[in-house]
Amino acid sequence: SYGAASSAEIVAVGEAERDVTTRFAESLRASGIEVPTVGVGSTPTCSVPPPHLAGVDEWHPGNFLYYDTSQVALGSCGLESVAVRVLTRVVGHYPKSNTLLIDCGWTGASAQGKESGYGCFPLNPELRIANLKQECGEVTSVDGAPLDFRRYPIGALLRIAPHHSCASTHQHRSVNVLGADGDTVVEEWKICKGW
């Protein structure tokens, strides 16, 4: 499903996965092997499901809870459904290179997704991450236009919707859950490390 180019292809992958898995389970059962549970799924096929799941007992939704910009690109969801943000601060201005320096590098947001800007800034769609180093990142304009540095003063906070929410979330000790206003922390979830 991750190689699909459209919603129709995601549905077709989900149907094929369901069919091959349930046939395999039926074959095992016919041979006298107990198959207590048949499970299928991925974030794309859970998001754009096949018309039925007959013969399937459980669904594996991947990062359906969070989503990320890679799922937006696949067509699993829209940007408004991406629940994860990595908060970063502007720590430097470099007008000669048209760059903002942020205090978030790949150790805070993951090195995945370089080809698509490591994610995006939903509240600042004019910005893109050009490069992530270990502890900091370089941000510039999406279209190459000169940045108005007054709009992003030193200390300003920016919210990154990450390319891969699982990898980004795993970089941290906890997740702050925000309330309906989108700003108030109402809960903290500890991250489980290891398998």
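Return the residue satisfying two criteria in turn: it lies in the stretch 35-49 and is part of a loop (DSSP other than H, G, I, E, B) and at pLDDT below 95, and of such residues it is farthest from the chain's Cα centre (by Cα). Even if it seems obvious, please write down each step before you answer.
So in the stretch 35-49, the residues part of a loop (DSSP other than H, G, I, E, B) come out as 35-38, 41-42, 48-49.
Those still in the list that are at pLDDT below 95 too: 41-42, 48-49.
Details: G41: 17, S42: 13, V48: 16, P49: 19 Å.
Ranking the qualifying residues of the stretch 35-49, first place goes to P49.
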Worksheet item: What is the residue count in the stretch 27-57 for residues that are in contact (Cβ under 8 Å) with a residue 24 or more places away in the chain and among the β-branched types (V, I, T)?
Response: 5
Item to complete: State all residues of the stretch 139-195 that are of a type in the set (S, T, N, Q) and within 29 Å of G75 (Cβ to Cβ); if no residue qualifies, say none.
Response: T140, S141, S165, S168, T169, Q171, N176
Fill in: Residue satisfying all of: in the stretch 2-21; outside any helix (DSSP H, G or I) and among the aliphatic types (A, V, I, L, M); nearest to T45 (Cα to Cα) among these
A4
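Please report, ordered by residue number, the strands (runs of 3 or more DSSP E) entirely within the stretch 82-170 with at least 1 residues that are free of Cβ contacts under 8 Å to residues at least 60 places away in the same chain. Let's see the steps before the verdict.
Details: elements: 86-94, 99-102, 127-132, 137-141, 157-162.
Correct list: 86-94, 99-102, 127-132, 137-141.
Look through the stretch 183-195, keep the residues that are in a loop (DSSP other than H, G, I, E, B) and open to solvent by 90 Å² or more (accessible area, probe 1.4 Å), and return whichever of them is farthest from D68 (Cα to Cα). Outline the logic, then answer.
We begin by selecting, within the stretch 183-195, every residue in a loop (DSSP other than H, G, I, E, B); these are 183-184, 191-195.
Imposing the further condition that a residue be open to solvent by 90 Å² or more (accessible area, probe 1.4 Å) reduces the set to 183, 192-193, 195.
Numbers: D183: 19, C192: 19, K193: 20, W195: 22 Å.
Restricting to residues being in a loop (DSSP other than H, G, I, E, B) and open to solvent by 90 Å² or more (accessible area, probe 1.4 Å), the top hit is W195.
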Practice prompt. Would you check if A180 is open to solvent by 40 Å² or more (accessible area, probe 1.4 Å) and among the small types (G, A, S)?
Written response: yes
Fill in: Residue under evaluation G32, criteria (1) part of a helix (DSSP H, G or I); (2) at positive phi, criterion not met
(1)
Worksheet item: For the stretch 24-42, which residues satisfy the criterion of being over 12 Å from V56 (Cβ atoms) and surrounded by fewer than 11 Cβ atoms within 10 Å (Cβ to Cβ)?
Response: A30, S31, G32, I33, E34, P36
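Residue by residue, here is whether (1) of a type in the set (A, V, I, L, M, F, W, C); (2) within 16 Å of V90 (Cβ to Cβ); (3) open to solvent by less than 80 Å² (accessible area, probe 1.4 Å) holds:
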{"residue": "C104", "(1), (2), (3)": "yes, yes, yes"}
{"residue": "P125", "(1), (2), (3)": "no, no, no"}
{"residue": "V139", "(1), (2), (3)": "yes, yes, yes"}
{"residue": "D143", "(1), (2), (3)": "no, no, no"}
{"residue": "R151", "(1), (2), (3)": "no, yes, no"}
{"residue": "R159", "(1), (2), (3)": "no, yes, yes"}
{"residue": "C166", "(1), (2), (3)": "yes, no, yes"}
Practice prompt. Could you please let me know if E58 is of a type in the set (D, E), touching a Ser or Thr at 6+ places or on another chain (Cβ under 7 Å) and within 20 Å of C166 (Cβ to Cβ)?
Written response: yes
Fill in: Pairs with Cβ under 9 Å, 6+ apart, first in the stretch 1-23 and farther than 16 Å from S70 by Cα, second assigned to a helix (DSSP H, G or I) and open to solvent by 60 Å² or more (accessible area, probe 1.4 Å)
none
Worksheet item: Within the stretch 67-76, restricting attention to residues that are crowded, with 21+ Cβ neighbours inside 10 Å and assigned to a loop (DSSP other than H, G, I, E, B), which residue is farthest from the chain's Cα centre (by Cα)?
Response: S76
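The values are calculated or read from the model by the stated rules, or taken from the named source; none is laboratory data. Everything numeric here is computed off the predicted structure, so don't read it as measured data. All Cβ positions, glycine included, derive from the backbone under ideal geometry; neighbour counts span all protein chains shown. All accessible areas refer to the heavy atoms of the entire protein, side chains included, with ligands and DNA or RNA removed. Shrake-Rupley method; radii C 1.70, N 1.55, O 1.52, S 1.80 Å.
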